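So the structure is just underneath, and the comments pick up after that.
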Amino acid sequence: MTQSTYSYQPTQGHGLAHDPLNAIIAPRPIGWISSRSAAGQRNLAPYSFFNIFNYQPPIIGFASSGWKDSVANIAETKEFVWNLVTKPLAQAMNQTSSPLPHGQDEFALAGLTPVKSQLIAVDRVAESPVHFECRLTQLIQLRDIQDKPIDSWLVLGEVVMIHIRTALLDEQGVYQTVEAAPLLRAGGPSAYYGISDDQRIDLWRPS
């Protein structure tokens, strides 16, 4: 049976009510990134273009549309923290996406508690159950197929210290993803999702 397909070239526009691109690549973990300027000013912002790219050493990264405070701070200090966004932290995370004046503290705005990191000078979000302390490895301006620079920046960092709330580790030391209740970005402009055990399937790689 032939099925209808909607096709378009992104350079010509999608012609739909909402760009489906980031709804298709979904769900995505949220890069809740805390950073610190060279002058010591804290910043906290969520990025939905985020993931992990290497095991050893562990490399994570996020992309920023525009040279925002997070990118500027990381370019200066070469350090940042990823904080896990959980369902109970949804409203606080959303508040930290507010377009605040330069230098205003998102920790204070969202009522979050800063806690010192162990190996870097950037504060973590105390209310978050998992943190990755990171040092910058690459800061890359993205380019299109004509090799033209795009106003979008990919930040990659090596994870040098990991903090996990012990309640999320079972008796065998296995991290319990569902128990953490991670919040994931997906769907339209306001859509977020969670995960549950009833949606789990197990697949083992062929030997």
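FYI, it's all coordinate maths here, none of it is from the lab. Given the structure is predicted, the values throughout are model-derived calculations rather than measurements. No Cβ is skipped: glycine too gets one built from the backbone with ideal geometry, and neighbour counts run over all protein chains shown.
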Efficiency by 1/(1 + (r/R0)^6): what FRET value for Trp67 and Val160, r their Cβ-Cβ distance, R0 = 25 Å, to the nearest 0.05? 0.50
With a 10 Å cut-off between alpha carbons and a GNM built on the chain, which of Asp151, Asp123, Asp197 moves the most? Asp197
For the range 20-195, what log10 I(q)/I(0) values come out of the Debye formula at q = 0.09, 0.12, 0.18, 0.20 1/Å, with one point per alpha carbon and no solvent? -0.30, -0.54, -1.26, -1.55
When only Cα pairs under 8 Å and 6 or more residues apart are kept, what is the percent relative contact order across the chain? 23 percent
Give the long-range amide H neighbours of Glu79: residues separated by 5 or more places, or on another chain, with amide H under 5 Å away, using H modelled in the peptide plane at 1.01 Å from N. Leu136
Estimated distance in nm for a label pair at Gln118 and Tyr8, the labels positioned 7 Å out from Cα along Cα-to-Cβ: 4.9 nm
Karplus (6.51, -1.76, 1.60) ³J(HN,Hα), θ = phi - 60°, over the range 86-99, in Hz, Gly and Pro reported as x: 10, 4, x, 9, 4, 5, 5, 4, 4, 4, 6, 8, 4, x
Select from Pro101, Pro20, Pro29 the residue whose mean-square fluctuation is largest in a Gaussian network model of the chain (Cα-Cα springs shorter than 10 Å). Pro101
Longest site-free stretch - the chain; sites: GluC sites (Glu not before Pro), DSSP loop, at most 15 other Cβ within 10 Å: 1-126
Candidates per chymotrypsin sites (Phe, Trp or Tyr not before Pro) in the range 42-90, loop by DSSP, up to 12 other Cβ within 10 Å: Tyr55
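Using a 10 Å Cβ count of at most 12 others and DSSP loop calls, identify the longest part of the chain lacking such trypsin sites (Lys or Arg not before Pro).
1-115
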Please check: in the Gaussian network model of the chain (C-alpha springs, under 10 Å), which one of His131, His14, His163 has the largest mean-square fluctuation. His14
The chain, helix-only ellipticity at 222 nm - DSSP H runs n ≥ 4, -39,500 (n - 2.57), divided by all residues, nearest 500: -3000 deg cm²/dmol
